[in-house]
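Readers should treat all values here as calculations from the given coordinates under stated rules, not as data from a laboratory. Quantities reported herein were computed from a predicted structural model and do not represent experimental measurements. Cβ: placed from backbone, ideal geometry, glycine included. Neighbour counts: every protein chain shown.
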Amino acid sequence: MSRHPVLHLELPDDIYEHVRRAAEGTNQPLEKTLVNIVRGATPSLEKVPPEYRPDLEALEDLSDLELWKIARTPLAPAKQRRLESLLHKNQQGELTDRERQVLAGLRMDADRRMLRRSYAYLLLKYRGHRLPHLGDLAP
């Protein structure tokens, strides 16, 4: 009995030849080479901190339209201004304890939002969408 699910699939000749040559070049079985190719091409969250994973995994179930909305939604302008202001004060060494707490919360929110936006773009790319150029993205 196999310890992994078994999948039988028909590959177009050009894909098969590509995988066969890759397997030959790496001296690995065709099946292992194909698994490595699929693994490298699919989005992975293994390096994402565990506290962010459930939120990002939930994005995988969203429609493309919902992913585009998340990807295109930057941090609210008021929060962005407050974050920049507190970061500047922090560089000057002028933060109060309360401002440090606010800054930590804003940073966490900004990090979470950036991860969500990045993963939404990654999923859209994986689903075959064309992504905007980096210079065209909202901060």
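Miscellaneous remarks
- Förster radius 41 Å - calculated FRET efficiency between Leu65 and Asp97 (Cβ-Cβ, nearest 0.05): 0.45
- Equivalent ellipsoid of the chain: semi-axes from √(5λ) of the C-alpha gyration tensor, largest first, are 42, 17, 15 Å.
- Per-residue Cβ neighbour rank within 10 angstrom, fewest leading, Val19, Val48: Val48, Val19
- Assuming charge only on the beta carbon of Lys and Arg (+1) and of Asp and Glu (-1), the dipole of the chain about its Cα centre is about 560 debye to the nearest 20.
- Within a Gaussian network of the chain (alpha carbon springs, distance under 10 Å), most fluctuating of Arg81, Arg98, Arg116: Arg98
- Segment Lys125..Gln80, full-extension length gain: 13.5 nm, with 0.36 nm per residue of separation and the alpha-carbon distance subtracted.
- Using the Cβ-Cβ distance between Arg20 and Glu46 with R0 = 22 Å, the FRET efficiency computed as 1/(1 + (r/R0)^6) comes to roughly 0.20.
- Ellipticity at 222 nm from helices only: DSSP H runs of n ≥ 4 in the chain, each -39500 (n - 2.57), divided by the residue count, give -20000 deg cm²/dmol.
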